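The values are calculated or read from the model by the stated rules, or taken from the named source; none is laboratory data. Remember, predicted model here, so these are calculated numbers, not experimental data. Methodologically, a virtual Cβ is constructed for each residue, glycine included, from the backbone with ideal geometry; neighbour enumeration extends over all protein chains shown.
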Amino acid sequence: MKVLEGIRVLDMTNVLSGPFATLNLAFLGAEVIKIENPKGGDLARALGCVPEYNKKLMGTSFLAQNSNKKSVTLNLKEPKAVEIFKKLAETADIVVENFRPGVMDKLGIGYEELKKINNKIIFCAISGFGSTGPDAKKPAYDQIIQGLSGVMSINGDKTLNPLRTGFPLCDTVGGLNASNAIMAALFHRERTGEGQFIDVALLDSIMPALGWVAANLMIGNQQPQLLGNDNFTAAPSGTFRTKDGFINIAANKQEQWQSVCNLLGCQELLEDPRFKERENRKKNRFELTPLLEEKLMTKDTSLWVEILNKEGVPSGEILSLEDALNAPQIKHRNTFATVNAEGIGEIKVFNMTAKLSKTPGEVDAPPPTLSQNTEEILTKIGYSLEDIKQYKENGII
């Protein structure tokens, strides 16, 4: 039995933050039912680098986030569709949405309305800024949040700043925050029988991920430094040139610094007052780097990685995304699963990455085609095939 087996989720979300949250619930066995607009469904269905898949409403962006889910279409501008949704909500444990605040209320299916028919419902609303506050009604995408959170201001170096991260960091962290909160709300309901409203803001969610950088400013009054690929907490700690490319080295401890000097054959740096102590090395990192790179450029990256790791100095190659996706460790950990997507064939999708020994989560169904499960779900809650045929003809489903 999976840990969330028997839990029903009505997933009203689009694109990334919400679908990523519900994906984590689907991995754990929840029945996640995507409630989609009959005209196109989740916006991500038409997003991706393969035009053919986009036309099929199975874009790569959609395929990445929607394994193990079911798809039901409802035109919620129609009163009958709202009635069907409410009937589904009677049977549901969780509702997740990522519209702007107030949209679900306007549709007549906000939290206050749904808890009248199911007082155990857990309702998670994900938005850019949360449901309250001066910015609550503003639109938001990942990059907007990256800018407003300070994330872009601390990336890059003096020649390239501000700089966004290369993937939708804020959407992803927001989705993780939402799934974590939903699990906590389920635990609370197990204890008390009470449902509740969860208000998740992408802007709030990313702030704690700033960690030491934010703490140094808030507590220590130290402004962030633009160090590019260098780690501000230590030196040498960052990216260095080798004979055939680049290497990451994290000599964060004094003994690791000593090992670096011994292995590279530059023991004279150990007594150099600019580099002898940790704080001095940090102050003089831009003088230290070329001295180390002079030695590192005599051998290939892979050889240096082997030499340094063997002596307890954390180091690693900087892989292309393609090489990273196919790395032996990733394959060993089953980070990806292979599924057969309808109309496309075999594809790789994300698997659950936390390995639970008693209740493991995994991919056991491909992302659904639009409206694939409408008949199945509606018949389960009492609608006849004739009803379903009529609703389809009238544009309700």
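Assorted remarks:
- Here Glu317 meets each of (1) under 22 Å from the mean Cα position of the chain (by Cα); (2) surrounded by 14 or more Cβ atoms within 10 Å (Cβ to Cβ) with one exception, condition (1).
- Entry remark, the stretch 122-159: residues being touching a residue at least 60 places away in the same chain (Cβ under 8 Å), surrounded by fewer than 22 Cβ atoms within 10 Å (Cβ to Cβ) and farther than 17 Å from Asp204 by Cβ number 5 in total.
- Ile33 meets the conditions (1) in contact (Cβ under 8 Å) with a residue 24 or more places away in the chain; (2) over 17 Å from Phe350 (Cβ atoms); (3) assigned to a helix (DSSP H, G or I) in every case but one. The failed one is (3).
- Restricted to strands (runs of 3 or more DSSP E) entirely inside the stretch 302-353, those with at least 1 residues that are modelled with pLDDT of 95 or more and among the hydrophobic types (A, V, I, L, M, F, W, C) are 336-341, 345-350.
- Selection of the stretch 209-238 for residues being within 26 Å of the chain's Cα centre (by Cα) and buried (at least 17 other Cβ atoms within 10 Å of the Cβ) yields Leu210, Val213, Asn216, Leu226, Leu227, Asp230, Asn231, Phe232, Gly238.
- Here the condition is being buried (at least 20 other Cβ atoms within 10 Å of the Cβ), in contact (Cβ under 8 Å) with a residue 60 or more places away in the chain and touching a helix residue (DSSP H, G or I) at 6+ places or on another chain (Cβ under 8 Å); of Leu63, Leu57, it holds for Leu63 alone.
- Search result, residues across the stretch 37-50 that are surrounded by fewer than 24 Cβ atoms within 10 Å (Cβ to Cβ) and either in a loop (DSSP other than H, G, I, E, B) or touching a residue at least 60 places away in the same chain (Cβ under 8 Å) (or both): Asn37, Pro38, Lys39, Gly40, Gly41, Leu47, Gly48, Cys49, Val50
- Leu264 farther than 30 Å from Lys355 by Cβ and either of a type in the set (S, T, N, Q) or surrounded by 14 or more Cβ atoms within 10 Å (Cβ to Cβ) (or both): yes
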